[in-house]
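Asker: Here it is: the structure, laid out below.
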Amino acid sequence: TVCRLLLVPLAFSVLVTGQHDYLAFTLFAVASLSDFVDGQIARRTNTVTSVGQAMDPLVDRFLIAAGVIGLYTVGRLPLWILLLLIGRDVILLIGLALVKRFGGGTVRVVFIGKLTTTLLLVGFSGLIANIPRVSGLGWTHSLLLPGLNSGRAAIWIWFVYLGIMCSMLTFLCYVVMGIRALQHPKDSDE
């Protein structure tokens with residue numbers, strides 16, 4: 001987890017230069033894949049720690065933020081995607097803090113949340129490499145919808161769109177779970 005955390009600013013700094021796409025891709029992909037490897041090692045060796053469980057989702061958020069901000073900076077993602085994903089995470093962090101403060105519990109990670117993270121990290125990794133590029137579907141003339149307009153875009157934008165859809169479903173799940181936790185706080189004896 002610490003190694004992943006250290007890779008985040010490195011991958012981001014290489015990405016925003018816009019000059020070394022393959023190096024940025026390699027760093028970002030290694031950071032993304034190490035999440036899976038780290039989790040597998042921890043579970044199989046029975047070395048899951050509370051620090052790791054707390055840090056892992058936070059590092060995922062940093063990695064996603066670095067990816068979306070970096071890709072926006074180099075012009076491969078529109079601003080609305082950046083604002084949507086960062087805004088969602090900020091709202092969820094505030095909600096989690098409220099649940100911990102007033103609900104006395106935590107909100108469990110849901111499968112669709114893990115799927116969201118996977119789709120976004122795969123999509124961002126591919127967009128960083130920026131290949132292969134194909135013609136868009138031509139459904140709109142808006143530059144705000146790469147892949148849906150007629151311009152060329154890396155095919156990985158579709159993973160990002162799927163990740164965004166899953167992200168919104170995850171957001172709704174967490175909001176409902178958070179509201180329930182606030183409505184039914186744990187007793188102080190537990």
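The values are calculated or read from the model by the stated rules, or taken from the named source; none is laboratory data. All values reported here derive from a predicted model rather than from experimental measurement. As a convention, Cβ positions derive from the backbone with ideal geometry for all residues, glycine included, and neighbour counts pool all protein chains shown. Accessible surface is based on the protein model in full, side chains and every heavy atom, while ligands, DNA and RNA are left aside. Shrake-Rupley method; radii C 1.70, N 1.55, O 1.52, S 1.80 Å.
Asker: How about segment 71-95: which of its residues are open to solvent by 60 Å² or more (accessible area, probe 1.4 Å) and among the aliphatic types (A, V, I, L, M)?
Answerer: Here is the first cut: in segment 71-95, the residues open to solvent by 60 Å² or more (accessible area, probe 1.4 Å) are 72-73, 75, 79-80, 83, 90-91, 93-94.
Those that are open to solvent by 60 Å² or more (accessible area, probe 1.4 Å) and among the aliphatic types (A, V, I, L, M): 79, 83, 90, 91, 93, 94.
Asker: Also, quick follow-up: Could you list, in sequence order, all residues of segment 41-56 that are at pLDDT 75 or above, open to solvent by 50 Å² or more (accessible area, probe 1.4 Å) and assigned to a helix (DSSP H, G or I)? Before you say what the answer is, go through the steps one by one.
Answerer: Let us first name the residues in segment 41-56 that are at pLDDT 75 or above, namely 41-47, 55-56.
Next, from what is left, pick out any that are open to solvent by 50 Å² or more (accessible area, probe 1.4 Å): 41, 43-47, 55.
Passing the criteria: 41, 43, 44, 55.
Asker: Another one. I'm trying to understand the selection: among the residues of segment 127-165, which are β-branched (Val, Ile, Thr) and in contact with a helix residue (DSSP H, G or I) (Cβ under 9 Å, 6 or more places away or on another chain)? Working first, answer last.
Answerer: At the first step, the residues of segment 127-165 found to be β-branched (Val, Ile, Thr) are 128, 131, 134, 140, 155, 157, 160, 164.
Matches in segment 127-165: 128, 131, 155, 157, 160, 164.
Asker: Pick from segment 138-183 the residues that are part of a loop (DSSP other than H, G, I, E, B) and in contact (Cβ under 8 Å) with a residue 24 or more places away in the chain: which of them is nearest to residue 112 (Cα to Cα)?
Answerer: Here is the first cut: in segment 138-183, the ones part of a loop (DSSP other than H, G, I, E, B) are 138-139, 141-148, 150-151, 155-156.
Going one step further and asking which of them are in contact (Cβ under 8 Å) with a residue 24 or more places away in the chain, we end up with 143-146, 155-156.
Details: 143: 29, 144: 26, 145: 24, 146: 24, 155: 22, 156: 19 Å.
Applying the filter and picking the extreme gives 156.
Asker: If residue 107 satisfies every condition in (1) out of contact with any Pro (no Cβ under 6 Å at 6 or more places or on another chain); (2) open to solvent by less than 40 Å² (accessible area, probe 1.4 Å); (3) not in a loop (DSSP other than H, G, I, E, B) but one, which is the exception?
Answerer: Residue 107 satisfies every listed condition except (3).
Asker: Turning to a different aspect of this structure: Answer yes or no as to whether residue 135 is surrounded by fewer than 18 Cβ atoms within 10 Å (Cβ to Cβ), hydroxyl-bearing (Ser, Thr, Tyr), modelled with pLDDT under 95 and over 14 Å from residue 78 (Cα atoms). Lay out the reasoning, then the answer.
Answerer: Details: surrounded by fewer than 18 Cβ atoms within 10 Å (Cβ to Cβ): yes; hydroxyl-bearing (Ser, Thr, Tyr): yes; modelled with pLDDT under 95: yes; over 14 Å from residue 78 (Cα atoms): yes.
Judged against the criteria, residue 135 is a match.
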